[in-house]
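Novice: Pasting a structure below so you can have a look.
The values are calculated or read from the model by the stated rules, or taken from the named source; none is laboratory data. Being a predicted model, the structure only gives us computed values, none of them experimental. All Cβ positions, even for glycine, are placed from backbone atoms using ideal geometry, and neighbour counts span all protein chains on display.
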DNA sequence: CTTGAAAAATTTAAGAA
DNA sequence: TTCTTAAATTTTTCAAG
């Protein structure tokens, strides 16, 4: 079933390049990794089929498009049972404005990244997170004033 | 200089589609938004040139590629001067494993998302963040146990 | 696993509306 | 701004090494 861990230097290079330039043509990609276009394409497809690569996302400059409020929220649950964790995740994930949901160790149970049209809108989301049946003890909201570094891919050279 | 705010329904649709499917062909994109391929391409280029669209990123399944540790860290600075904030951001941004850096209001000054090969590696990064000349009072590290929702684009229909 | 060539499809620029 | 047309480029397949 599991045919992974066959990543050679070229596969890594493909992943690394596509990570930050997903619209590169296969032809140019093949040049940069030193393969023929057809071989390169085959490798890319294999990586995709193995679930290692994709989906492909376009970044958009939200601030230039519209006003919005980004909030990073820490969440503590009342009960630390498996069921409580699952129930909260399901609820949080169902809210479109919740962009990311991390379960963490330490003094909080979850970190959420939330984007809303304005503070009033965020308030509604905050209320939903505190709905009685979700088991939330506390939500601390931290409004983002400034983002000095945005995600642009993992540092594979440090990780692989 | 500034020729924005001319986004019509079609521009929004283009942004919305590309956000979650950056490798769609221009031909298919044009069908979905109801334009000819050339008109559609022209709009996409205009959005790119206006800085509203791009770069294009490929997601990769890091967990399937290798073991790694993701940590969400909250940071409090010693001094809350403008210079101190700038100095810290510059330092944090220079660390490849720091994927994102948010300046926030509330009980913390910054949130960082950090990915490291292992705990030992994270320790080094933590040490660097605490370097005496950076002005950090406290770093609280929260190891990610589980990510139940990953970023897949902004909910434009809620924001625009 | 690779190459290289051919066929299919797409991108892109130019001209007309 | 849009579309149509046509050329240039790219993707994709496939036979062969």
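Novice: Taking the range A:20-49, which residues are touching a helix residue (DSSP H, G or I) at 6+ places or on another chain (Cβ under 7 Å) and within 17 Å of residue B:63 (Cα to Cα)?
Specialist: Residue satisfying the conditions is A:47 alone.
Novice: Then there is this: Answer yes or no as to whether residue A:111 is under 30 Å from residue A:11 (Cβ atoms), facing chain B (nearest Cβ under 9 Å) and crowded, with 16+ Cβ neighbours inside 10 Å.
Specialist: no
Novice: Now for a separate question. Does residue A:75 meet the test of being touching a strand residue (DSSP E or B) at 6+ places or on another chain (Cβ under 8 Å) and surrounded by fewer than 20 Cβ atoms within 10 Å (Cβ to Cβ)? Before you say what the answer is, go through the steps one by one.
Specialist: Working: touching a strand residue (DSSP E or B) at 6+ places or on another chain (Cβ under 8 Å): yes; surrounded by fewer than 20 Cβ atoms within 10 Å (Cβ to Cβ): no.
Judged against the criteria, residue A:75 is not a match.
Novice: Continuing with the same structure: Here is a list: A:77, A:15, A:35, A:65. Which entry is more than 8 Å from chain B (Cβ to nearest Cβ) and away from DNA strand D (no atom under 16 Å from the Cβ)?
Specialist: Criteria check complete, one pass: A:77.
Novice: Would you call residue B:139 out of contact with any strand residue (DSSP E or B) (no Cβ under 8 Å at 6 or more places or on another chain), touching a residue at least 40 places away in the same chain (Cβ under 8 Å) and surrounded by 17 or more Cβ atoms within 10 Å (Cβ to Cβ)?
Specialist: Spelling it out, it is not the case that residue B:139 is out of contact with any strand residue (DSSP E or B) (no Cβ under 8 Å at 6 or more places or on another chain), touching a residue at least 40 places away in the same chain (Cβ under 8 Å) and surrounded by 17 or more Cβ atoms within 10 Å (Cβ to Cβ).
Novice: Which condition does residue B:150 not pass, out of (1) facing another protein chain (nearest Cβ under 7 Å); (2) surrounded by 14 or more Cβ atoms within 10 Å (Cβ to Cβ), if it passes all the others?
Specialist: Against the list (1) facing another protein chain (nearest Cβ under 7 Å); (2) surrounded by 14 or more Cβ atoms within 10 Å (Cβ to Cβ), residue B:150 comes up short only on (2).
Novice: Restricting to the range A:93-108, name every residue that is under 16 Å from the mean Cα position of the chain (by Cα), touching a residue at least 24 places away in the same chain (Cβ under 8 Å) and within 7 Å of another protein chain (Cβ to nearest Cβ).
Specialist: Residues satisfying the conditions are A:97, A:98.
Novice: Given (1) within 10 Å of another protein chain (Cβ to nearest Cβ); (2) surrounded by 16 or more Cβ atoms within 10 Å (Cβ to Cβ); (3) farther than 23 Å from residue B:109 by Cα, where does residue A:134 come up short, assuming only one miss?
Specialist: Condition not satisfied by residue A:134: (1).
Novice: Same structure again: Within the range B:121-131, which residues are surrounded by fewer than 14 Cβ atoms within 10 Å (Cβ to Cβ) and closer than 23 Å to residue A:160 by Cα?
Specialist: B:123, B:124, B:127
Novice: Test of understanding: among B:129, B:145, which residue is modelled with pLDDT of 95 or more, more than 10 Å from chain A (Cβ to nearest Cβ) and touching a strand residue (DSSP E or B) at 6+ places or on another chain (Cβ under 7 Å)?
Specialist: Only one candidate qualifies: B:129.
Novice: Also: Scan the range A:38-54 and give yes if some residue there is on the phi > 0 side of the Ramachandran plot and at the interface with chain B (Cβ under 9 Å from one of its Cβ atoms), otherwise no.
Specialist: Yes, the range A:38-54 has at least one match.
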